[in-house]
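A.B. asks: Would you mind keeping the following structure in view while I ask a few things?
The values are calculated or read from the model by the stated rules, or taken from the named source; none is laboratory data. These numbers come from a predicted model, not from an experiment. Every residue, glycine as well, gets a Cβ built from its backbone with ideal geometry; the counts of neighbours run over all protein chains shown. Ligands, DNA and RNA are excluded from the accessible area calculation, which covers all protein heavy atoms including side chains. Shrake-Rupley method; radii C 1.70, N 1.55, O 1.52, S 1.80 Å.
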Amino acid sequence: MREFKLVVLGSGGVGKSALTVQFVQSVFVDRYDPTIEDSYRKQVEVDGQQCMLEILDTAGTEQFTAMRDLYMKNGQGFILVFSITAASTFDELTELHKQILRVKDSTTVPIVLVGNKCDLESDRRVAREKGDQLSARWGPTPYFETSARERTNVDEVFYELVRRIKEQNPSRGDKGKRSKKCKIL
């Protein structure tokens, strides 16, 4: 069984832990408890292949930025999360993206862009078009809007990142197994 190291990054309070816990345990955590670092393992089937996902849920606070280089060096793929209700969390992703490319010393790194909290549409501060534009600027980077509370697009984000890693670093038997079921927003 192939293992995948996924890293969830973004500012504090955007819902990184809520997304990760919803994916791994199917539970919504509604209280905010700042994360230093949490690691999860989950076995899933993506496009007919069993995969073991090792998911690192990282700190969004500034005091832990020194640990980011290590996360980025060891990660195979990255979920970059912002809150659609806070424009500053969107703006901060450009610097994170640059840092990933620098640490990985590559212009093509498997990344999925996530606008979380789409259930709070009335509080939206980042237009969907801005997410679409950023994902286009970053190259072939999928963009999803998610809700950890309502479990909207949660599984799709993690599965799409696994597909991106497999496309870039195929093992024998991976080629041509991309599913058409996943809708990218």
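Residue by residue, here is whether (1) modelled with pLDDT of 95 or more; (2) polar (S, T, N, Q); (3) more than 18 Å from VAL46 (Cβ to Cβ) holds:
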position: THR85; (1), (2), (3): yes, yes, yes
position: SER88; (1), (2), (3): yes, yes, yes
position: ARG124; (1), (2), (3): yes, no, yes
position: ARG151; (1), (2), (3): yes, no, no
position: ARG164; (1), (2), (3): yes, no, no
position: GLY173; (1), (2), (3): no, no, no
position: LYS180; (1), (2), (3): no, no, no
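A.B. asks: Let me ask something else. What is the residue count in region 142-157 for residues that are surrounded by 14 or more Cβ atoms within 10 Å (Cβ to Cβ) and not in a helix (DSSP H, G or I)?
C.D. replies: Residues meeting the conditions: 11.
A.B. asks: Report, by residue number, each residue of region 68-103 that is over 17 Å from TYR143 (Cα atoms), in contact with a strand residue (DSSP E or B) (Cβ under 9 Å, 6 or more places away or on another chain) and of a type in the set (A, V, I, L, M, F, W, C).
C.D. replies: MET72, ILE100
A.B. asks: Right, next: Scan region 53-79 residue by residue and report those that are among the small types (Gly, Ala, Ser) and modelled with pLDDT of 95 or more.
C.D. replies: At the first step, the residues of region 53-79 found to be among the small types (Gly, Ala, Ser) are 59-60, 66, 75, 77.
GLY75, GLY77 - these are the residues of region 53-79 that are among the small types (Gly, Ala, Ser) and modelled with pLDDT of 95 or more.
A.B. asks: Where the second residue is modelled with pLDDT of 80 or more and surrounded by 12 or more Cβ atoms within 10 Å (Cβ to Cβ) and the first is farther than 22 Å from PHE4 by Cα and of a type in the set (Phe, Trp, Tyr) and lies in region 30-45, which pairs have Cβ atoms under 7 Å and are six or more apart or on separate chains?
C.D. replies: Here the result reads TYR32/GLY13, each pair linking region 30-45 to a residue that is modelled with pLDDT of 80 or more and surrounded by 12 or more Cβ atoms within 10 Å (Cβ to Cβ).
A.B. asks: Out of the residues in region 1-18 meeting the condition of being open to solvent by 10 Å² or more (accessible area, probe 1.4 Å) and not in a loop (DSSP other than H, G, I, E, B), tell me which one is nearest to ASN74 (Cα to Cα).
C.D. replies: Here the residue is LYS5.
A.B. asks: Within region 123-146, can one find any residue that is closer than 25 Å to GLU37 by Cα and touching a residue at least 60 places away in the same chain (Cβ under 8 Å)?
C.D. replies: Yes, because at least one residue in region 123-146 is closer than 25 Å to GLU37 by Cα and touching a residue at least 60 places away in the same chain (Cβ under 8 Å).
A.B. asks: Take region 19-55 and flag every residue that is open to solvent by 80 Å² or more (accessible area, probe 1.4 Å), acidic (Asp, Glu) and assigned to a strand (DSSP E or B).
C.D. replies: GLU37, GLU45
A.B. asks: On the given criteria, is ILE84 within 23 Å of GLU121 (Cα to Cα) and open to solvent by less than 30 Å² (accessible area, probe 1.4 Å)?
C.D. replies: Spelling it out, ILE84 is indeed within 23 Å of GLU121 (Cα to Cα) and open to solvent by less than 30 Å² (accessible area, probe 1.4 Å).
A.B. asks: If I filter region 31-49 for residues that are aliphatic (A, V, I, L, M), within 22 Å of ARG151 (Cβ to Cβ) and modelled with pLDDT under 95, do I get at least one hit?
C.D. replies: No: region 31-49 contains no residue that is aliphatic (A, V, I, L, M), within 22 Å of ARG151 (Cβ to Cβ) and modelled with pLDDT under 95.
A.B. asks: Please go through (1) in contact with a helix residue (DSSP H, G or I) (Cβ under 8 Å, 6 or more places away or on another chain); (2) farther than 17 Å from LYS16 by Cα for ALA148 and return the number of the only condition it doesn't satisfy.
C.D. replies: Every listed condition holds for ALA148 apart from (2).
A.B. asks: Mind listing whichever residues of region 121-141 are in a helix (DSSP H, G or I), of a type in the set (A, V, I, L, M) and under 16 Å from SER88 (Cβ atoms)? Don't jump to the end; show me each part of the working.
C.D. replies: Narrowing region 121-141 to residues in a helix (DSSP H, G or I): 121-123, 128-137.
Now drop any that are not of a type in the set (A, V, I, L, M), which leaves 134, 136.
Across region 121-141, the qualifying residue is only LEU134.
A.B. asks: Turning to a different aspect of this structure: Could you list, in sequence order, the residues of region 88-112 that are open to solvent by less than 40 Å² (accessible area, probe 1.4 Å) and either more than 17 Å from ARG68 (Cβ to Cβ) or not hydrophobic (A, V, I, L, M, F, W, C) (or both)?
C.D. replies: THR89, PHE90, HIS97, GLN99, SER106, PRO110, VAL112
A.B. asks: Go through (1) of a type in the set (Ser, Thr, Tyr); (2) farther than 14 Å from SER11 by Cβ; (3) touching an Asp or Glu at 6+ places or on another chain (Cβ under 9 Å) one by one and return the number of the condition THR107 breaks.
C.D. replies: Of everything listed in (1) of a type in the set (Ser, Thr, Tyr); (2) farther than 14 Å from SER11 by Cβ; (3) touching an Asp or Glu at 6+ places or on another chain (Cβ under 9 Å), THR107 misses just condition (3).
A.B. asks: What single numbered condition from (1) surrounded by fewer than 22 Cβ atoms within 10 Å (Cβ to Cβ); (2) assigned to a strand (DSSP E or B); (3) small (Gly, Ala, Ser) fails to hold for GLY115?
C.D. replies: (1)
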